[in-house]
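Working notes, structure below.
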Amino acid sequence: VAMLDMDEVKFEKVLNNSIIKIGFEDTLFKVLYPLLNRIGILWQVGTITPVHEHFISNLVRQKIFAAIDGLPVDRNEDSLTFLLVLPQWELHDIGLLVYNYLIRKNGHKTIFLGQGVPIQDVEAIDNQVNPDALVTSFSTPMEVENMSNYLRELADHFKNKPIYVGGIQQDKLCDSLPKSIHKFSSVLDFKSRILA
């Protein structure tokens with residue numbers, strides 16, 4: 001209802017009540033993710049317009065940024081460094097923001113480059129900071145060959161470093177990718193397998 005009315009105050013009230021009752025992380029998984037999935041369906045069948053989706057997505061993005069900002073920055077010497085990046089064609093960054101939140105909440109360092117980053121820039125950052133792992137995500141429909149080629153190029157550069165791939169398009173990828181590439185089916189799968 002808050003989305004349809006474009007009512008930020010109503011949205012904030014509902015979301016803040018949920019955060020108080022069940023915490024930010026459970027609100028993320030039990031309220032916001034189902035909401036975003038439902039919005040995607042409503043948008044596809046024409047019940048809502050892209051404006052509604054953008055309105056809610058930006059409010060959700062703000063909440064995730066605020067939660068990330070509230071996490072401590074100091075790390076211990078066992079912390080890993082994760083590079084988080086989306087390819088040039090990918091503009092949907094909410095999933096990547098959630099991975100950023102979870103990684104930092106689990107005591108690791110993140111370098112968040114965000115959306116639409118050319119692969120040459122990713123390679124340059126790797127050379128500069130030498131992260132332990134890379135996380136990316138595919139949500140926008142794209143030719144499987146383009147996604148696979150992108151991952152192969154990353155794997156060629158990030159020799160023997162794990163590359164974690166999420167998003168709704170990752171399930172289209174074949175299993176003949178380099179061994180350093182690890183697909184995960186959801187944010188909960190990422191949390192339980194990679195951050196456990």
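The values are calculated or read from the model by the stated rules, or taken from the named source; none is laboratory data. What you are looking at is a predicted structure, and each value in this text was computed from that prediction instead of being measured. Using ideal geometry, Cβ is built from the backbone for each residue, glycine included, and neighbour counts are taken over all protein chains shown. Just so you know, the surface numbers come from the protein's heavy atoms only, side chains and all, with ligands and any DNA or RNA stripped out. Shrake-Rupley method; radii C 1.70, N 1.55, O 1.52, S 1.80 Å.
Tabulated data
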item: Count of residues meeting criterion [open to solvent by less than 50 Å² (accessible area, probe 1.4 Å) and either assigned to a helix (DSSP H, G or I) or aromatic (Phe, Trp, Tyr) (or both)] in segment 146-185; result: 10
item: Subset tally (residues that are over 12 Å from LEU83 (Cβ atoms), in a helix (DSSP H, G or I) and small (Gly, Ala, Ser)) for segment 112-127; result: 0
item: The listed residue being on the phi > 0 side of the Ramachandran plot and of a type outside the set (Asp, Glu), out of GLY166, GLY116; result: GLY116
item: Selection count, segment 128-145, where residues are part of a helix (DSSP H, G or I) and over 19 Å from SER79 (Cα atoms); result: 2
item: Every pair of residues 6+ apart whose Cβ atoms lie under 7 Å, when the first sits in segment 4-23 and is closer than 27 Å to PRO50 by Cβ and open to solvent by 80 Å² or more (accessible area, probe 1.4 Å) while the second is assigned to a helix (DSSP H, G or I) and of a type outside the set (Phe, Trp, Tyr); result: LEU4/HIS52; GLU8/LEU59; VAL14/ALA2
item: Qualifying positions in segment 8-42 - in a helix (DSSP H, G or I) and small (Gly, Ala, Ser); result: SER18, GLY40
item: Within segment 48-71, tally of residues that are open to solvent by 30 Å² or more (accessible area, probe 1.4 Å) and touching a Leu at 6+ places or on another chain (Cβ under 9 Å); result: 5
item: Residues that are assigned to a helix (DSSP H, G or I) and farther than 27 Å from ASN127 by Cβ, drawn from segment 65-87; result: PHE65, ALA66, ALA67, ASP69
item: So LEU42, is it over 26 Å from LYS105 (Cβ atoms), modelled with pLDDT under 90 and among the hydrophobic types (A, V, I, L, M, F, W, C); result: yes
item: Segment 179-190 residues that are modelled with pLDDT of 90 or more and of a type in the set (D, E, K, R), paired with ones that are in a strand (DSSP E or B) and open to solvent by 20 Å² or more (accessible area, probe 1.4 Å) (beta carbon under 9 Å, 6 or more apart); result: LYS183/TYR164
item: For ASP74: the one exception among (1) modelled with pLDDT of 90 or more; (2) acidic (Asp, Glu); (3) open to solvent by 70 Å² or more (accessible area, probe 1.4 Å); result: (1)
